[in-house]
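Here's the structure, in structure tokens; my notes come after.
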Ligand SMILES: [Zn+2]
């Protein structure tokens, strides 16, 4: 009897295992996305998940003790989230997909180039009023002890609920001892202050904490973060009338 049940279940188990392995292979090979570019989607056609890898180009953001830039870690996690969303047929738009950014010629100082990039990202984001925006960042602090994630939310409708859900799921999966809570985004974050859609900013962890910085550069940890953020997005969308 026991053997019969086990044999009966074997195909399903093998199928599940094969799907997991295929997902991992797909992500490890930098699999192409289901959405990816704005052009691939008809604007206003349906809601999308917008993934914003923070910083990039001349703006590297924070860095690890070894000098690895936040912009690169943000992009790596964002590309994994984009690939995973594509695998599940969820339409996405990325505000950047490489470390290089093409700045307008007339932007002749670093400050102007950064401002032009932020304006371009905002214009893209605001062309999808029904979107869910996830901006990916890493934290950094002079004290090396703090660790753990934190999710910040914009003032737009739904952002606080989305942030609380994402924060809770991230804490459960990655940092169960984390005492931080989801909080409003500071006033000086241009994209989050001006985006019209539901928007959260995810500080995945602290680059100033050596143990966490190491984790944040690991492929398996980045995939885990992506999977949790995708789960939070799907759960939030399902709770708010299936936007995605
Ligand atoms: Zn940042």
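The values are calculated or read from the model by the stated rules, or taken from the named source; none is laboratory data. Because the structure is predicted, anything quoted here is derived from the model rather than measured. Here the Cβ is made from the backbone with ideal geometry for all residues, glycine too, and neighbour counts use every protein chain on show.
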Give 116, 131 a once-over and let me know the one that is away from the ligand (no atom under 16 Å from the Cβ) and touching a strand residue (DSSP E or B) at 6+ places or on another chain (Cβ under 7 Å). 131
Quick one: what pairs do we get from region 190-202, first residue not assigned by TED's automatic domain parsing to the domain that holds residue 95, second in a helix (DSSP H, G or I), C-beta under 7 Å, 6+ apart or different chains? none
Among 191, 165, 169, 201, which is outside any helix (DSSP H, G or I) and within 17 Å of the chain's Cα centre (by Cα)? 201
Quick check on my filter: what residues within region 79-118 are assigned to a helix (DSSP H, G or I) and either closer than 30 Å to residue 235 by Cβ or touching a helix residue (DSSP H, G or I) at 6+ places or on another chain (Cβ under 7 Å) (or both)? 79, 80, 81, 82, 83, 84, 85, 86, 87, 118
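So that you can scan it fast, the table gives a plain yes or no per residue for (1) touching a residue at least 40 places away in the same chain (Cβ under 8 Å); (2) surrounded by fewer than 22 Cβ atoms within 10 Å (Cβ to Cβ); (3) in the same structural domain as residue 220 (by TED's automatic domain parsing):
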residue: 65; (1), (2), (3): yes, yes, yes
residue: 77; (1), (2), (3): yes, no, yes
residue: 95; (1), (2), (3): yes, no, yes
residue: 104; (1), (2), (3): no, yes, yes
residue: 132; (1), (2), (3): yes, no, yes
residue: 141; (1), (2), (3): yes, yes, yes
Checking residue 48 against (1) modelled with pLDDT of 95 or more; (2) crowded, with 21+ Cβ neighbours inside 10 Å; (3) more than 20 Å from residue 115 (Cα to Cα), the condition it does not meet: (1)
Look through region 143-162, keep the residues that are assigned to a helix (DSSP H, G or I) and out of contact with any helix residue (DSSP H, G or I) (no Cβ under 8 Å at 6 or more places or on another chain), and return whichever of them is surrounded by the most Cβ atoms within 10 Å (Cβ to Cβ). 159
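Conditions tested, residue by residue: (1) modelled with pLDDT of 95 or more; (2) over 25 Å from residue 155 (Cα atoms).
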site: 58; (1), (2): yes, yes
site: 61; (1), (2): yes, no
site: 65; (1), (2): no, yes
site: 73; (1), (2): yes, yes
site: 83; (1), (2): yes, yes
site: 92; (1), (2): yes, no
site: 101; (1), (2): yes, yes
site: 112; (1), (2): yes, yes
site: 124; (1), (2): yes, no
Limited to region 174-188, what total is found for residues that are modelled with pLDDT under 95 and not in a loop (DSSP other than H, G, I, E, B)? 1
